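Peer 1: The structure follows.
The values are calculated or read from the model by the stated rules, or taken from the named source; none is laboratory data. These numbers come from a predicted model, not from an experiment. Reconstructed Cβ throughout: ideal geometry from the backbone, glycine too, with neighbour counts over all protein chains shown.
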């Protein structure tokens, strides 16, 4: 099953992986929204290489999946599950990515507090 989600009125292609029971998101769609890049495919290719050179293993979890492209054809597109996508977003140096990074930090802090004090989870 393939769907399109909207974020800030822009499309993010996604597909449900029934075997893993996870949503997979088109990475270039998210990059296009967060960077305003005129060529998000090139941005992702350069970023992917940089992350691999740094030893970041997130990109190894980004697999290709055929998704409908803007021209209506099925094309291989790098996709990531939610966890990998959030790690990728953390690596995007863009003011538009900052709200996500702040939110992630807040959620992470709250989760650590819950682990330290389980009563907070209730």
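Peer 1: Have a look at 71, 78, 29 and point out the one that is without any contact (Cβ under 8 Å) to a residue 60 or more places away in the chain, surrounded by 16 or more Cβ atoms within 10 Å (Cβ to Cβ) and outside any helix (DSSP H, G or I). So that I can check it myself, show each step before the final result.
Peer 2: Numbers: 71 fails: surrounded by 16 or more Cβ atoms within 10 Å (Cβ to Cβ); 29 fails: outside any helix (DSSP H, G or I).
Going through 71, 78, 29 in turn, the sole match is 78.
Peer 1: Restrict the check to the stretch 37-54 and report whether at least one residue is farther than 15 Å from residue 94 by Cα and under 13 Å from the mean Cα position of the chain (by Cα).
Peer 2: yes
Peer 1: Would you pick out the residues in the stretch 4-19 that are in a strand (DSSP E or B), modelled with pLDDT under 75 and more than 18 Å from residue 76 (Cβ to Cβ)?
Peer 2: Those that are in a strand (DSSP E or B), modelled with pLDDT under 75 and more than 18 Å from residue 76 (Cβ to Cβ): 5, 6, 7.
Peer 1: Okay, moving on. Looking at (1) at pLDDT below 90; (2) surrounded by fewer than 14 Cβ atoms within 10 Å (Cβ to Cβ); (3) in a helix (DSSP H, G or I), which is the only condition residue 97 fails?
Peer 2: Looking at each condition in turn, residue 97 falls short on (2).
Peer 1: Looking at 119, 83, can you tell me which residue is closer than 23 Å to residue 62 by Cα, out of contact with any helix residue (DSSP H, G or I) (no Cβ under 7 Å at 6 or more places or on another chain) and either modelled with pLDDT of 85 or more or in a helix (DSSP H, G or I) (or both)?
Peer 2: Going through 119, 83 in turn, just one is closer than 23 Å to residue 62 by Cα, out of contact with any helix residue (DSSP H, G or I) (no Cβ under 7 Å at 6 or more places or on another chain) and either modelled with pLDDT of 85 or more or in a helix (DSSP H, G or I) (or both): 83.
Peer 1: Starting from the stretch 95-113, take each residue that is on the phi < 0 side of the Ramachandran plot and free of Cβ contacts under 8 Å to residues at least 60 places away in the same chain and list its partners that are in a helix (DSSP H, G or I) and exposed (fewer than 11 other Cβ atoms within 10 Å of the Cβ), counting only C-beta distances under 6 angstrom and pairs at least six apart or across chains.
Peer 2: none
Peer 1: Related question: Being out of contact with any strand residue (DSSP E or B) (no Cβ under 8 Å at 6 or more places or on another chain), buried (at least 19 other Cβ atoms within 10 Å of the Cβ) and at pLDDT below 90 is the filter here, so list the residues in the stretch 36-65 that pass it.
Peer 2: Once the filter is applied, which keeps residues that are out of contact with any strand residue (DSSP E or B) (no Cβ under 8 Å at 6 or more places or on another chain), buried (at least 19 other Cβ atoms within 10 Å of the Cβ) and at pLDDT below 90, the stretch 36-65 yields only 59.
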